[in-house]
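To keep things clear, I will list the structure first and then write my remarks on it.
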Amino acid sequence: MTTPITEALKERRAIRRYLPKPVPDDLLKEILAEARWAPSATNTQSTYVYVLSGEPFEQFKTELKMYSESEVPEAPDLVNTRDMPPELKARQEELFRTRMSFIAAEEAKMGIKPQDPPVPPLVAGAAIFGAPLVLVLAMPKIIGLPYGCFDAGMLAQSIALAAHVRGLGTCITGSNVRYAELLRKVLPGTDDKSFIVAIAMGYPDLEAPVNRFPRTRIPVDEFVTFVR
Ligand SMILES: Cc1cc2nc3c(=O)[nH]c(=O)nc-3n(C[C@H](O)[C@H](O)[C@H](O)COP(=O)(O)O)c2cc1C
């Protein structure tokens, strides 16, 4: 059965290369007005969204690049221990492997030579995929993060879907909030907030191999247990 949301759920994908084209404010507001219908615990609507673009965004990216080049130890508000069971690690490795080999093959076809020496991924990542803006999702520090960030997750997926059906791309990122102090410098009034994720948004470059590699999902039986 195909429902009104089937296509959006399956076609939305992380977009990691954008066209140099701004997102109109009205369109962004329309997306956010739709996404605010996401559920939240006891309807607290605990997630705050900071839209970072223009000069402050450029300043943030410059500093992010400097920190990445100097390999400053990351200090996010939401700590990722990166511990995981082996089956999850295997899926992560499969993603990296599939993505890298697809991109290498496509770029070879397009006559694009790999950069020599290669730019370290976190340094290249500081360009935030050439997106015209990021939405930084934050919540009051007082809220217990492991539970509270569930609200932010619901909002993040809602934003991604509402953007996708309007022809915009998004990429939810943890890496771009890994230096909370840099965000606190450019985002006003955030001393009492924890940063959860940054969502890159813009018009997708549909030709870019990084936006075209095949994605997979595990079968339902692999993650669902029926107990009757
Ligand atoms: C909490 C979270 C953090 C993520 N952080 C990053 C990131 O830092 N960089 C990145 O390129 N993608 C990031 N992603 C995107 C995932 O890699 C992506 O959603 C996953 O590989 C599935 O691919 P798809 O979204 O294209 O279906 C993140 C996604 C989530 C939900």
Q. When segment 1-59 is examined, which residues are found to be touching an Asp or Glu at 6+ places or on another chain (Cβ under 7 Å), under 23 Å from N211 (Cβ atoms) and away from the ligand (no atom under 16 Å from the Cβ)?
A. L19
**Q.** Residue satisfying all of: in segment 8-50; in contact with a strand residue (DSSP E or B) (Cβ under 6 Å, 6 or more places away or on another chain) and small (G, A, S); surrounded by the most Cβ atoms within 10 Å (Cβ to Cβ) among these
**A.** S46
Q) Quick one: how many residues across segment 197-210 are within 10 Å of the ligand (Cβ to nearest atom) and open to solvent by less than 10 Å² (accessible area, probe 1.4 Å)? A) 3
Q. Any chance segment 175-195 includes a residue that's in contact (Cβ under 8 Å) with a residue 60 or more places away in the chain, open to solvent by 10 Å² or more (accessible area, probe 1.4 Å), in a strand (DSSP E or B) and not hydroxyl-bearing (S, T, Y)?
A. yes
Q) How many residues, within segment 132-174, are within 12 Å of the ligand (Cβ to nearest atom), of a type outside the set (A, V, I, L, M, F, W, C) and part of a helix (DSSP H, G or I)? A) 3
(Q) For the condition hydrophobic (A, V, I, L, M, F, W, C), within 21 Å of F57 (Cβ to Cβ) and open to solvent by 90 Å² or more (accessible area, probe 1.4 Å), what is the one hit in L122, L133, L137? (A) L122
Q. Can D83 be described as in a helix (DSSP H, G or I), of a type in the set (D, E, K, R) and either surrounded by fewer than 20 Cβ atoms within 10 Å (Cβ to Cβ) or within 15 Å of the ligand (Cβ to nearest atom) (or both)?
A. no
Q. Given the structure, is F213 open to solvent by 50 Å² or more (accessible area, probe 1.4 Å), among the aromatic types (F, W, Y), within 14 Å of the ligand (Cβ to nearest atom) and farther than 24 Å from P4 by Cα?
A. no
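The values are calculated or read from the model by the stated rules, or taken from the named source; none is laboratory data. As the structure is a prediction and not an experimental result, all values here were calculated from the model. FYI the Cβ positions are ideal-geometry reconstructions off the backbone, even for glycines, and counts take in every protein chain you see. SASA here: full protein model, heavy atoms, side chains in, ligands and nucleic acids out. Shrake-Rupley method; radii C 1.70, N 1.55, O 1.52, S 1.80 Å.
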